[in-house]
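Visitor: Below are the structure tokens for one structure; questions will follow.
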Amino acid sequence: LYDHREYASILMPLVYSVVFFVGLLGNCLALHVIRPNLKKINSTTMYSLNLVISDILFTLSLPLRIAYYAMGFHWPLGEAACKISGLIFYINTYAGVNFMTCLSVDRFIAVVMPLRFAKLRKISKVRYICLGVWLLVLAQTLPLLNMSMSNEEADGYITCMEYPNFEIVDHIASVLIGAVIIGYVIPVMTILVCYSFLCYRLQFIAKNNRLTGKSGRNRKAIGVICCVSLVFVICYSPYHIDLLQYMIRKLVSTPSCSELTAFQVSLHITVVLMNLNSCLDPFVYFFACKGYKRKLLKLFKLQTSMSFSSVGRASPDYSSKEVAEG
């Protein structure tokens, strides 16, 4: 199962180190940009803030995973530490998925149905929605505490958070299929449907409004929407499709040892791809939000120049108009 240990012990720590540094720096910058605007926070900013926090917490859990892979899939810290590490990993991965879904629904309501569901965008309601998301993710991941997440292999290595360690769980295939549907299929369908309607609405507005059409604002907005959707699909789809197809096959017949080995290797690759999302989110903020872009460029300018010119106050506004002006 771990014949690729020699290569993985070099490549995986290298990739995860890049994800750690880029993700932590990018999301801390995003938090720095959002923080001054908390006094007049709106729904989109609130969802973005929670997404940034989940990304930061996720990246802070990576050093232990980097050490684990560098030691050739060996976890010397015990079962309790393995469970805590796994819990942090999964909570913040799927919190990110859910807050990206909330952002897509929020944009859909703001542009397509601004009057009918305006109450859902009130900050008092959004706070409860965010709390509900965290509680939902906790409810989905806390059962992991009842499972053994580490296992001592025949060669003396102790693995942590590897799929074979979960094979002893009753009805594991059905459990994971359900988890994929709730944690991936429903969110990705929601995101794609919301953004599809949003693109259609923006195109309709552009056709019926010469000024909007000439400015290219809607074309930019559609480009940003496609970019956000593409990043989500590319990062999250391979892992969940891989998991889903193997579990369906497992329900039909018992996979061979070679099939399990191939699945184990593919999981390591697709998990890396999924985790890249935490360091890609800040780039999405940069291109999607004019306020974020403006303030970030201003911050770098102040850091690299000794002469500080007086700059008018620019408050980030994460509205649909800002996305359009991207």
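Visitor: Work out how far the C-alpha atoms of the stretch 5-297 reach from end to end along every principal axis, then list the three figures in whole Å, largest first.
Guide: Computed over the stretch 5-297, the largest-to-smallest principal extents equal 69, 42, 34 Å.
Visitor: For every other residue with a beta carbon closer than 15 angstrom to the beta carbon of F21, add +1 if it is Lys or Arg and -1 if Asp or Glu, then tell me the sum.
Guide: After counting each charged neighbour, the total is -1.
Visitor: Evaluate E = 1/(1 + (r/R0)^6) for K119 and L31, where r is the Cβ-Cβ distance and R0 equals 25 Å; express this FRET efficiency to the nearest 0.05.
Guide: 0.35
Visitor: Provide the net charge surrounding I129, with neighbours chosen by a C-beta distance below 13 Å and charges set as Lys +1, Arg +1, Asp -1, Glu -1.
Guide: Spelling it out: positives minus negatives among the neighbours equals +4.
Visitor: If you count, for each residue, the other Cβ atoms within 10 Å and average over each peptide, how do 46-55, 151-160 line up from highest to lowest?
Guide: 46-55, 151-160
Visitor: Cross-link list K119/K207; K40/K125; K39/K125: which exceed 21 angstrom alpha carbon to alpha carbon?
Guide: Values: K119/K207 29 Å; K40/K125 15 Å; K39/K125 16 Å.
In this structure, K119/K207 exceed 21 Å between Cα atoms.
Visitor: Roughly how many nanometres apart are two label points built 7 Å out from the Cα toward the Cβ at H171 and E6?
Guide: Those two pseudo-labels are separated by 4.4 nm.
Bear in mind that the values in this text are calculations on the coordinates, not laboratory data. This is a predicted model, so every value here is computed, not measured. Note: ideal-geometry Cβ built from the backbone for every residue, glycine included; neighbour counts use all protein chains shown.
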